[in-house]
Structure formats: C-alpha cells, structure tokens
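In what follows, a single structure is set out as structure tokens and then discussed.
The values are calculated or read from the model by the stated rules, or taken from the named source; none is laboratory data. Just so it is clear, the structure is predicted and the values come from calculations on it, not from any experiment. Reconstructed Cβ throughout: ideal geometry from the backbone, glycine too, with neighbour counts over all protein chains shown. When the accessible area is computed, the model is the full protein with side chains, heavy atoms only, and any ligands, DNA or RNA have been set aside. Shrake-Rupley method; radii C 1.70, N 1.55, O 1.52, S 1.80 Å.
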Amino acid sequence: MAVRVAVTHMATTYDAIIIGGGHNGLVTACYLAAAKWKVLVLERRHIVGGACVSEETFPGFKVSTAAYVNSLFRPEIVRDLNLRAYGFEAVERSPASFSPFLDGRYLMLGRDRASDLAEIAKFSARDAQAYPQYEAMLERVASVIEPTLTQIPPNVLKPKLGDLPSALKLGRAMQKMGPAMNEAIEILTGAARPILDRWFESENLKATLATDAIIGAFMAPSMPGTAYVLFHHVMGETNGKKGVWAYMRGGMGGLTQSLAKAALDLGVEIRTEAPVAKILTKNGTATGVALENGDEFSARTVASGVDMHLTFERFLADEALPEDFRAALKRISYDSASVKINVALDRLPSFTALPGHEPGPQHHGTVHLCETQDFIERAYDDAKYGAPSREPVVECCLPSSVDATVAPEGKHLMSMFVQYAPYTLKAGPWTQAIKDDFADRCFEIVERYAPGFKNSVIARQILSPVDIEETFGLTGGNIFQGAMPLHSLYAFRPVPGYADYKTPIKNLYMCGSAAHPGGGVMGAPGWNAAREMLKRR
C-alpha cells in the first residue's frame, strides 16, 4: 500500500526540513533520523516518491508513471536502511534489450557474454570480436568514475586542504589507466557516435547502443556529452550483479515506498499535499519553510530535494544571493525533449522478428525500435527546430512480462520513453491534440514491428515535457533536474563552488538530483548531502 501521509499534531520546530519527498529527499531524511535528528519531509503531491512512483493510472494497473527501471540506486543505502525488510525487491531483466529490425532480423543483448557475441556475430563477426574490448573499456572508465559518485567534490573556486585526498585519489586512478586515459576523457566529454563508429561496423548494433546515449537528453548521438551515458549500463548493479538492470516489484514506487516506510520507522514525519511557497530566512540563514496554505515550520537546517530554479528563483526569489551565484543559476540548462507514454494492453505485442504473445525474452528487457544512427539524427533535427519528431525514437519496456503484480490477470503494461519532443514548440503551446498526434506516430512505429499492437491498446497516458514539469516539479520537464554535460558534473554541479551540497544561504543544503552526482535513481545525492549535514552539525 502506498504511503500517503498527512501528519497531524506535528511539532513546529525540527532539526531538519526536507523539501520534496522524492527518492533523494527520503534518503536524506532516513540518514538524518537514524542520527536522532527530528525530521520533517514536505511533499507537494498526494504520494511520496517524486518521479519514482507507482500509480493506478488505469484501473488495476500499477504504472511506473515516470522512472521505469533501476540499476543505479546505491546498494549501500539498501543495506544501511534495511530496505529489503520494507519491500524493496528488484526483479532482474534477462535479456537486457531486444532490437527487432524491419528486415526480419533481431539483436538480443544482456543474457550472458556467449549469447551476446553470438547475437552480434549475426550482423558482424568483426563486431563480435570487438565487443568484449569495448565493454572492458567502459568498465575501466566506470571503475574510475563510480567511486566519485559518493565522494564530496572539491571546491574549485576556493580549494581547501580537505579537498586534496579525493582529488589525489581521482588523479591516481586516472594515471593508472595509462594511455587509456585519452579514451576515458573522450567518454566523459565526447560524442557517442564517433566512438561507436570507431569500434563497430554494424549499424544495427550501433543504433541499439546509441539510443542509450540520448535517453533524457536533448542531444543527438553526434553531439559532445552523449558518450558519458554509454558507460552507465556497466556501472550499476542488481542483486549484486554488475551492469544488470531491473524492474522494481510492484513498479518503481516499490523503491520509494520502502524508503518511506523506513523513514516512518525512524521517526521521520512526512506530510503530503504540502506544497512549499517559501524558504524562510533571517540574516542570510535558513530558518524554516512556509507552505502555500500559510503553515510555517521552523528548522535548524533545510535541505531542498527540488531543482535549483525552484529552490532559488521561486522559494528564495527575494533573498540576497551573490551575483556570481545568480549568474551561474541562469546558465543551468533545463532543456528537455522526452515524452513518457504509459499504455495498458490486453496482450503483449507479437514482433514480426520474433513472434508470440506469450511472455518471452523479447518482452523482458528494453525494446529498441531504431534501425540506424541516422534515424536518431533526423528525429533530433525536427526537435531542434521546435517540432516533435515526425519519426520519433521509441524505446519500450513491458514490466508485466516479468512482474505480474503490475497488471490485472491477462493484461499487460507498456512504458514508452520517446525522443524527441521539445518543451517549447515553435507552433505554440502543447495541446491535447498535439500530444495525441505525437503518440499516434509512436504507436505507428510500434505497429511496423509488431502488427496488431494498436488493436491491443486499452488506454494510454501521454506526458509531454510540460506535463512532466507540472506533475513532478521538474523544470522544463528535465528528468535530471538540469542537463548533465561535463561542465555541469562533479565539482561543477550544481554550480562551481557549491558542489559540497551547501549553498550561499547558511544552513540550506541541496540534496536532490540537482546536486552531485546528478540525475537517475541513484540516491547518492541524498546520501552525500546527509553526511555533509551531519558533519557540520
């Protein structure tokens, strides 16, 4: 059952108030409460979880409305908070992906090394030889980058002695890579397409990998910054298995509901339907929070799990902030071109390349409906001029094929994550007609690969970037609380000089995806922020 809490008889003074009950805010609350802090979480919506929720969008279905798969959530948090005792259960996907093609062939990846190489060899024997080296290269880069996710980045504007250990550790790790360091730098800063073109010759394989490089980003694979996402699939883990992605039992809300239950057991007070209007300050110090209904709560510390725009340009619009900080806020990009479509089905799709309505390996992982990298580039071209893609890049997941709890018996659930449809349209504001037209085009693409799909649709929910912003409080519909190019990562996230979760307002911290290490269902920003708050208390 979803944790929907409106606490009554609450105290008005707390050790910490957390703005936003998303996964990061709940992680911060749990760690503070475990240290005996009195903590209040304020959530704008009727349910905690932020963009990581399960909702009964269609009767009898548990829809992962926004976030839909997990691998990056830190295993240390699961262990520390004993989340498995509160219902945290990851359901492994095997294979990881299925790419059908219009010529009747398909590429299935993520079962095991031997199967992957056999699948790739169907398209190119040379690529099958290269793939293990490609994976090893990504793993080398990940081995350097992953430890930084739970480190506190240095202050690049005002370096201090305490920054030296982490900086030296990162430097030594990069040095150990030797000549491979050049490749690591390219992965961190470069474009996905030239890297994939250099490693592989099969367009079928390259298109499958390239779609992973653009998820949630308003960029084409030929643009710098897209390569950074390529190694995420080797960085996470599920049930101790590196690089394995999973569904959460009962939908993604299973993750945040386990956090909410752990928080309540630790004494955290959670208030839903409690939209924040203002962060209260006195003499440049955060002193509490005021809600839209006029309620006020005092706290020794405030942590914001929402983005920088909301925190500083809405909740603190009248607060005196350093001019360079204000200028840095204006440079944060919230560009987005992602649409989420949730679909209730009366049967699983039967793909021409691998027919069958019964659950099979073709249904278990992410279904990539993309033939070439050029297809992605053309889809981006439409969006960069302010129009939804005429031929969108469609990825589908069918969680009900491995987790029967998310759909009524005999029915199925599909998550479609689609590129590209910009937040700001040249033709005017988003309307229901524009959303329906775009969704129809997405359905037509699925129909090409799985005839009869459209006739299986019971209901659908279409979330444009504007809907994502309005529903989940994500400025611009950006699922990462701000774009993630290199100049907005590590010591530069959210802005240079403030990567240690502190802000120019004393006792005000950032604990969400706006902070290091950024977006994705990681929990690391919330965990890191809690450690810094406890350290400075």
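Overall dimensions of region 205-345, expressed as equivalent-ellipsoid semi-axes from the Cα gyration tensor (√(5λ), whole Å, largest first), are 35, 25, 15. Its Cα centre serving as origin, region 313-352 has a Cβ charge dipole (Lys and Arg +1, Asp and Glu -1) of approximately 300 debye.
Using only the alpha-carbon atoms, how far is helix 23-34 inclined from the longest principal axis of the chain? Give it as 0 to 90 degrees, nearest 10. Approximately 40 degrees, to the nearest 10. The relative contact order of region 410-520 comes to 18 percent, based on Cα pairs under 8 Å that sit 6 or more residues apart. Among rounded, prolate and oblate, which fits region 139-248 when a ≥ b ≥ c are the square roots of the eigenvalues of its C-alpha gyration tensor, a/c under 1.5 means rounded, and a/b larger than b/c means prolate? Prolate, since a/c reaches 1.5 and a/b exceeds b/c. Report, to the nearest 10°, how far helix 373-384 tilts away from the longest principal axis of the Cα atoms in the chain, using its own Cα long axis and a range of 0 to 90°. Here the helix axis deviates by roughly 50 degrees.
Applying the Karplus relation 6.51 cos²θ - 1.76 cosθ + 1.60 with θ = phi - 60° to region 37-54 yields 3J(HN,Hα) values of 7, 8, 10, 10, 9, 10, 10, 5, 7, 7, 9, 6, x, x, 8, 10, 9, 10 Hz, where x marks Gly and Pro. Shown for the chain: the carbon plus sulfur share of the solvent-accessible area, taken with all protein chains present and a 1.4 angstrom probe, equals 53%. Per residue, the chain exposes 39 Å² of solvent-accessible protein surface, assessed with a 1.4 angstrom probe and all protein chains in place. Relative to the longest principal axis of the Cα atoms of the chain, the long axis of helix 524-536 makes an angle of roughly 20 degrees. Averaging 1/r across all pairs of distinct Cα atoms in region 210-269 and inverting the result yields a Kirkwood radius of 14.2 Å.
If you take the square roots of the eigenvalues of the alpha-carbon gyration tensor of region 309-443 and sort them as a ≥ b ≥ c, do you get rounded (a/c under 1.5), prolate (a/b over b/c) or oblate? Prolate, since a/c reaches 1.5 and a/b exceeds b/c. What separates the Cα centres of region 432-480 and region 381-409 is a distance of 7 Å.
Between Ile270, Gly162, Pro494, the Cα set farthest toward the positive side of the dipole of the chain (charges on each charged residue's Cβ, about the Cα centre) is that of Gly162.
Loop-located chymotrypsin sites (Phe, Trp or Tyr not before Pro) in region 284-393 (DSSP state not H, G, I, E or B) with no more than 12 neighbouring Cβ atoms inside 10 Å: Tyr385.
Ranked by the mean number of other Cβ atoms within 10 Å of their residues, highest first, the peptides 485-495, 126-136 come out as 485-495, 126-136. Distance from the Cα centroid of region 135-163 to that of region 270-330 is 29 Å (rounded to whole angstrom).
Karplus-derived 3J(HN,Hα) values for region 485-493, using 6.51 cos²θ - 1.76 cosθ + 1.60 with θ = phi - 60°, are x, 4, 6, 10, 10, 6, 5, 9, 10 Hz; glycine and proline are entered as x. Which pairs in the list Lys160/Lys330; Lys340/Lys435; Lys158/Lys282; Lys38/Lys160 are over 20 Å apart, alpha-carbon to alpha-carbon? With Cα atoms farther than 20 Å apart: Lys160/Lys330; Lys158/Lys282; Lys38/Lys160.
When you work out D = kT/(6 pi eta Rh) for the chain at 25 °C and 0.890 mPa s, using the Kirkwood radius from C-alpha pairs as Rh and the Stokes-Einstein form, the result is 104 µm²/s. About the centre of its Cα atoms, the chain shows a dipole size close to 1560 debye [charges on the beta carbon of Lys, Arg (+1) and Asp, Glu (-1) only; nearest 20 debye]. Highest-first packing order for the peptide set 417-429, 395-407, 253-265 is 253-265, 395-407, 417-429, based on the mean count of other beta carbon atoms within 10 Å.
DSSP bridge analysis restricted to the chain gives an antiparallel fraction near 70%, rounded to the nearest 5. Close amide H contacts of Leu280 (hydrogens built in the peptide plane, cut-off under 5 Å, sequence separation of 5 or more or a different chain): Thr287, Gly288, Val289, Ala290. Computed over region 18-159, the Cα gyration tensor eigenvalues convert (square root of 5λ each) into semi-axes of 37, 24, 14 Å, ordered from largest to smallest.
Dividing the convex hull volume of the Cα atoms of region 401-466 by its residue count, what figure in Å³ per residue is obtained? Here the figure is 116 Å³ per residue.
Note: relative contact order over the chain, using C-alpha pairs below 8 Å and six or more positions apart, is 24 percent. Each eigenvalue of the Cα gyration tensor of region 416-537, multiplied by 5 and square-rooted, gives one semi-axis; in descending order these are 38, 16, 13 Å.
With distances taken between every two different alpha-carbon atoms, region 479-537 has a Kirkwood hydrodynamic radius of 11.3 Å. Residues in region 90-98 carry Karplus couplings, in order, of 8, 9, 5, 10, 9, x, 7, 8, 9 Hz; the curve used is 6.51 cos²θ - 1.76 cosθ + 1.60 with θ = phi - 60°, and Gly or Pro positions show x.
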